[in-house]
Each structure stands twice: as structure tokens, then as C-alpha cells.
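J.: Provided herewith is a single structure, encoded as C-alpha cells, for subsequent inquiry.
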Amino acid sequence: MENNQPIIVKRVKKVAGGHHGGAWKIAFADFATAMMAFFMVMWLMSSATPEQKKLISGYFKDPIGFSESASPYVIDLGGSPTPSPDRTLNDQPQEAPGEQADADPKDPAELDAEQAEAKAEEVERERLELLLQELQNKVEQDPQLQRFKDQILFEITQDGLRIQIVDAENRPMFALGSAQLQPYFEDILFALTDTIKAVPNKISISGHTDAKPFAGAGGFGNWELSANRANAARRVLIAAGYDDAQVARVVGYASSALFDRNDPFNPVNRRIDIVVLTKKAQRNIEGEQGGGELPPDPATDAPAPDSGAAPAGEPLSGDQVRERLNIFEDGTLQMDQPKE
């Protein structure tokens, strides 16, 4: 029997804008992973110390054997790994005859001594900076010292923390032509003594005059006057409770180290300098190093009058500075003791 049924063909026309598959999900996941890695790197860089950043930089410059850190290996397990004999023979350049004899590597003990001295100097400088912050806080918080804050200058120098108390036009520290202290100058020294004696460093005291000639009986002049004024300041510090054995030097410079070289008669040239010495400067003064040669006095590189006090960054509160000062003792950093 013949099949006469018609054959029907259905054609389905695809509509644009339909489902495109899941490729975008993979792309978005890759993007999210990259952003997470980026923010992790940014967080690590913001929280890393300068030393850690230096170590990371050294590793990426020379991953095999960079020498910027204490250990040249990325993962330091406490051992002393050495290259295999084959690498030693084949990879290392051969030294020319006599080259090894010419090399003069430093003794490890000498390197350790240098590192220890550098660390001690770093700790000492931090202590002096904290002392500077404490003194500045004291001047700002003490109503009596606030009246004279323009006459009290602080500065960190290579020899230590320098405290300069200078004359004002109508407010001299001493009676005219004598070493007799004015009462308010005594009050300033008394107020500063408690803070200065909180550190074990010794001090140097120097007196300075302006260039106006002064001649007293028996040839008494500016040299004798400046020395007597420095010694008078020392006596006040001792009366305020400072240990006399902590005074390393008392000296008068007359007008040989002017504060204002452009105006030798400026009242600021009449001043008392108290330098809280570093250990190195103290050794030089006491003749324990360099054959007893005395270092230049810090006053010889005095700043211009408009230099003012040294910048101190973000100020700390008095309690914070005093708490941090207490962790230093005799040039070494002490660990915090557990509270009872």
C-alpha cells in the first residue's frame, strides 16, 4: 500500500541574546583572585618594616645568594648549608695565583664589634631623641618654663643632645659683668635637672659671651667670665640633685664660638650650653680614645639664630616618653619586666 503521508520539516530560528555559556564566570574568578593578590601585596608592603622591604628587594635582585640580610637563604633553618663539591669545583671562578693572599677579609670578631657599636649608637640616639621629646614636653607644660621657651633651644648633634639657654635683650641670665645668676635662670636649671639626670649619659657645660670687650681687675676678661658662668651653672645643677661625677667638662669659650656670627653683639651670643654627651664624645673628652685629643666643642658649629628648636616629629605625651625612657639603662636596651 502506497504511503502518501506528507513529510513535515520544522526549522527552529535561533533568537539573538540568549544564553552565552559560563566563560564569563571563569574570567570574573580570575579577576577576583588577581584583586585579592593585589590587595594582599599592598597590605604586606604597608605593614612591612624598612628592613624587611630591603630583604625582599635583595632577594628579587639576587635570589640565589643575596647578602643584604643576616642569612643569604630565603628560608633560614638555623643551619649552615654549603654548596656541593661539584658546584664548588665547576661553578665557582678560580682565583688567580696570589689573589687569595691579597684579599683581606675582616675578622668576624671585628665585624661583631662594629655591629655591636653601631647598635649601641642607634639605641643611644633613640634615648637622646626621647630625652629631647621629654624636655620639649616639659617646657610646653610647665607654666614657669613657658615664659622662657624662646630662650631655651634643643638640638641633636653628633656629640649628643645640646641644650642652649640664651640671653634676651631685657632678660639676661647673669648680672652684668659677673657670674651671679638671676633667680629665673636658677629656676630654669632646677626645672630641667630632673629630666636630664634620668639618663646615665654625662654632660658637658660651656659658657659663652658676646664680643663686647670686658676687662676687670687683674686682667679678668671674657675668658674668665665665661668659665665662671659655666661653673656657676654647674653648681646650680648639683644643688638641684645632679651627680657631680656625671659632669665630664666645664669650660669657657668667651666669644670664640658665637651663636650669631653676623651680629657679634647680639644678646643670644651670651649663653650656657649643656650637652648630654654620647658615649663616644665622652670617651674623647676623657682621653680614653685618640690619644687624649679633645673633640671640637659642639658650640663651634652653632646654628643661625633663626634655626630655633630642632623638629621633633609627632609629639608624644609626657607619660609615654617617660615610660620609654625607663627602658634604657647604661646604653643598653632592657626587656620589659613582667608586672607583678
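The values are calculated or read from the model by the stated rules, or taken from the named source; none is laboratory data. In this text, all values refer to a predicted model and were calculated from it rather than measured experimentally. Backbone-built Cβ (ideal geometry, glycine too); neighbour counts: all protein chains shown.
J.: For the range 212-226: of the residues being touching a residue at least 24 places away in the same chain (Cβ under 8 Å) and out of contact with any helix residue (DSSP H, G or I) (no Cβ under 7 Å at 6 or more places or on another chain), which is nearest to Phe265 (Cα to Cα)?
T.: Lys212
J.: Of the numbered conditions (1) in a loop (DSSP other than H, G, I, E, B); (2) modelled with pLDDT of 80 or more, Pro93 fails exactly one; give the number of that condition.
T.: (2)
J.: Hey, among the residues in the range 253-272 that are in a loop (DSSP other than H, G, I, E, B) and in contact with a Lys or Arg (Cβ under 7 Å, 6 or more places away or on another chain), which one's farthest from Glu186 (Cα to Cα)?
T.: Among those residues, the one meeting the criterion is Phe265.
J.: Examine the range 223-233 for a residue that is buried (at least 19 other Cβ atoms within 10 Å of the Cβ), under 31 Å from the mean Cα position of the chain (by Cα) and in a helix (DSSP H, G or I), and state whether such a residue exists.
T.: Among the residues of the range 223-233, at least one is buried (at least 19 other Cβ atoms within 10 Å of the Cβ), under 31 Å from the mean Cα position of the chain (by Cα) and in a helix (DSSP H, G or I), which makes the answer yes.
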